[in-house]
Amino acid sequence: MSKAKVEILTDWNEQIVLIENAAAIMPWSRSNLRSCFSSGYQNFAAKTADGNIVGFIIVQQQLRDEWTIMDVAVDPNFQRQGIGYQLVTQVTMAADLVQAEIILEVRESNQAAQHLYKQSGFNQIGERKEYYPNPDGSRETAVVMSRKPQSTLSR
Ligand SMILES: CC(C)(COP(=O)(O)OP(=O)(O)OC[C@H]1O[C@@H](n2cnc3c(N)ncnc32)[C@H](O)[C@@H]1OP(=O)(O)O)[C@@H](O)C(=O)NCCC(=O)NCCS
């Protein structure tokens with residue numbers, strides 16, 4: 001069970017790069033991550049009681065009713081404690097409030113993330129062949145997933 005608390009992350013924090021590098025197969029560069037701390041994005045961090053960031057999620061919100069989860073990562077030392085689910089749930093709850101659909105792409109081989117997204121109400125809607133670069137120079141298919149907004153009235 002996670003003891004992390006999810007908060008909006010408005011300001012850039014170097015911890016993001018460390019988590020990305022430790023968790024991702026092909027990590028985003030620092031400058032790409034940093035460019036997501038600007039208008040058109042809403043990002044969240046999972047923090048421990050002492051304020052240490054142990055996970056983050058980056059959401060592009062350029063369209064009012066269609067958001068994109070660009071990246072989510074949890075420090076490997078804190079994985080499998082429900083933190084990824086907490087981060088995604090923060091975004092799905094916010095999306096439901098404004099009735100926004102959420103779209104994302106995920107590596108075909110990334111079963112952990114696909115399970116997480118399915119658990120959070122996402123379904124596969126397509127795929128993009130040879131979308132992601134691999135460390136060996138080959139490319140991997142992206143699974144495209146979507147989550148339609150749910151009514152907040154029944155909650
Ligand atoms: C994907 C990721 C964010 C999940 O974070 P997490 O905090 O470990 O996830 P949670 O503990 O909340 O797990 C939620 C669900 O995800 C699935 N899941 C998480 N890790 C898994 C794993 N290693 N294998 C299979 N399923 C996994 C499970 O369904 C899990 O539910 P369960 O624990 O009830 O079985 C984390 O593994 C990570 O940072 N991966 C590297 C970055 C990445 O791939 N990001 C996605 C980019 S699209």
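The values are calculated or read from the model by the stated rules, or taken from the named source; none is laboratory data. Being a predicted model, the structure only gives us computed values, none of them experimental. Backbone-built Cβ (ideal geometry, glycine too); neighbour counts: all protein chains shown.
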Would you point out the residue of segment 5-57, among those that are within 12 Å of VAL72 (Cβ to Cβ) and among the aromatic types (Phe, Trp, Tyr), that is farthest from the ligand (Cβ to nearest atom)?
-> PHE44
Taking LEU104 and the conditions (1) closer than 20 Å to VAL17 by Cα; (2) of a type in the set (A, V, I, L, M, F, W, C); (3) near the ligand (Cβ under 8 Å from one of its atoms), which numbered condition does it fall short on, given that it satisfies the others?
-> (1)
Here are SER146, SER151: which of them is hydroxyl-bearing (Ser, Thr, Tyr), over 18 Å from ALA24 (Cβ atoms) and either in a loop (DSSP other than H, G, I, E, B) or in contact with a helix residue (DSSP H, G or I) (Cβ under 9 Å, 6 or more places away or on another chain) (or both)?
-> SER151
Report those strands (runs of 3 or more DSSP E) wholly inside segment 1-100 carrying at least 1 residues which are in contact with a Gly (Cβ under 6 Å, 6 or more places away or on another chain) and small (Gly, Ala, Ser).
-> 41-47
Does VAL72 count as of a type in the set (A, V, I, L, M) and under 21 Å from ARG147 (Cβ atoms)?
-> yes
Can you tell me which residue in segment 71-87 is nearest to ASP11 (Cα to Cα), limited to those that are more than 10 Å from the chain's Cα centre (by Cα) and of a type in the set (D, E, K, R)?
-> ASP75
Modelled with pLDDT of 95 or more, among the polar types (S, T, N, Q), under 23 Å from THR10 (Cα atoms) and surrounded by fewer than 22 Cβ atoms within 10 Å (Cβ to Cβ): does that describe GLN90?
-> yes
Within the bounds of segment 51-70, is there any residue that is within 14 Å of the chain's Cα centre (by Cα), surrounded by fewer than 16 Cβ atoms within 10 Å (Cβ to Cβ) and among the β-branched types (Val, Ile, Thr)?
-> no
Filter segment 92-145 down to the residues that are small (Gly, Ala, Ser) and under 13 Å from the mean Cα position of the chain (by Cα), then identify the one that is farthest from GLN42 (Cα to Cα).
-> ALA112
